[in-house]
């Protein structure tokens with residue numbers, strides 16, 4: 001089996017999925033951005049690849065590169081990992097006599113419409129063979145747009161606890177956080193959809209004497225948040241941090257207060273893999289990941305009061321917090337382990353080939 005994997009990026013789960021596919025004798029040819037971690041990784045791993053930059057959905061240069069690669073190689077499947085990679089692949093293959101099955105990846109809810117021509121150049125395109133949905137929530141959203149069920153496959157993007165090493169607790173005390181404080185963490189680019197304003201509203205009710213602190217790692221892109229930076233002594237804005245993942249591992253809980261559209265947030269998976277219990281809203285794919293009250297807490301979106309209650313509850317009960325962290329790690333060791341991602345991706349490829357061969 002020969003697969004063209006388009007727009008491989010700096011994503012640990014994708015790299016390990018590729019490794020698993022290679023171990024299962026799948027031949028991979030990758031398209032990746034020049035001078036990217038994916039490019040360097042392909043060179044080190046000996047994976048045949050071509051550099052490409054997808055500047056927009058109908059990038060003529062990218063289309064030309066696609067056609068060149070397709071002319072030089074014979075592929076059984078084209079698997080596109082981004083919107084731009086998908087649109088350009090569909091365009092590049094539109095005049096072929098024998099179409100190679102094209103598979104897409106969809107990691108978020110929203111931003112598509114049956115009335116938007118751009119959507120018909122990507123996920124609503126009738127020639128698209130299958131869509132890998134990162135969660136059931138994404139699958140349900142796409143099905144509601146009219147995409148047939150048989151074209152939608154849920155494959156959670158798994159992780160592995162062995163990938164992570166939590167930062168030592170003194171990484172937090174270096175931020176002027178008391179050693180005996182309870183610390184909640186948030187990691188991610190701070191956009192309105194992430195709901196950080198409601199998390200800050202919750203912390204506005206926490207007094208400095210409670211010794212409950214919040215660490216926020218990520219670029220502030222929400223204009224409503226910028227004026228709030230530095231306003232609360234127990235809230236620490238760190239900006240972009242390359243070590244954000246390990247810092248979350250040093251926290252007592254990880255909070256993701258998203259308001260909508262979450263597929264399966266990587267930051268939550270990373271925290272759970274390190275045994276850090278999450279407090280999240282019950283939007284998108286998060287209810288699939290978290291067993292409410294066992295491996296984390298799910299609260300309604302845009303509800304600062306509910307966030308505050310969950311934070312205070314875990315701050316007051318270290319034993320329950322520990323048990324919840326163990327259960328969170330077991331979720332990653334179990335159904336959300338990377339081995340299942342590889343297994344289901346391989347099964348999808350074989351099913352596509354069988355159906356495609358029988359249809360000829």
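Size of the stretch 29-173: Rg and Dmax of its alpha carbons, in Å, are 17.7, 63. Distance between the C-alpha centres of the stretch 329-355 and the stretch 103-175: 15 Å, rounded to the whole angstrom. When the scattering of the stretch 161-333 is computed by the Debye formula from its Cα atoms alone, each counted once and equally, what is log10 I(q)/I(0) at q = 0.18 Å⁻¹? The calculated log intensity ratios at q = 0.18 Å⁻¹ are -1.15. For the stretch 233-333, the Cα gyration tensor yields ellipsoid semi-axes of 17, 16, 16 Å (square root of five times each eigenvalue, largest first, whole Å).
In cubic angstrom, how much convex hull volume per residue do the alpha carbon atoms of the stretch 65-150 span?
Working: hull volume 8.3 nm³, N = 86.
Spelled out: Cα convex hull of the stretch 65-150, divided by residues, is 97 Å³.
Taking Cα atoms only, the orientation of helix 12-23 departs from the longest principal axis of the chain by about 40 degrees. Once the Cα atoms are used to define both axes, helix 338-359 deviates from the longest principal axis of the chain by about 20 degrees. Relative to one another, the C-alpha centroids of the stretch 32-96 and the stretch 272-314 are positioned 38 Å apart.
Once you have a ≥ b ≥ c as the square roots of the Cα gyration tensor eigenvalues for the stretch 225-285, tell me rounded if a/c is under 1.5, and otherwise prolate or oblate according to whether a/b is larger than b/c. Don't jump to the answer; show the numbers that get you there.
Values: a/c = 1.90, a/b = 1.25, b/c = 1.51.
Oblate shape, in that a/c is at least 1.5 and b/c is the bigger or equal ratio.
If contacts are Cα pairs under 8 angstrom and at least 6 residues apart, what is the relative contact order of the chain in percent? Could you put the intermediate results ahead of the total?
On the way: 660 pairs, mean separation 53.1, N = 360.
With pairs under 8 Å counted, the relative contact order is 15 percent.
Normalised by 2.2 N^0.38 Å, where N is the number of residues, the alpha-carbon radius of gyration of the chain equals 1.06. Taking Cα atoms only, the orientation of helix 318-333 departs from the longest principal axis of the chain by about 10 degrees.
FYI, it's all coordinate maths here, none of it is from the lab. All figures in this text were calculated on a predicted structure; none of them were measured in a lab.
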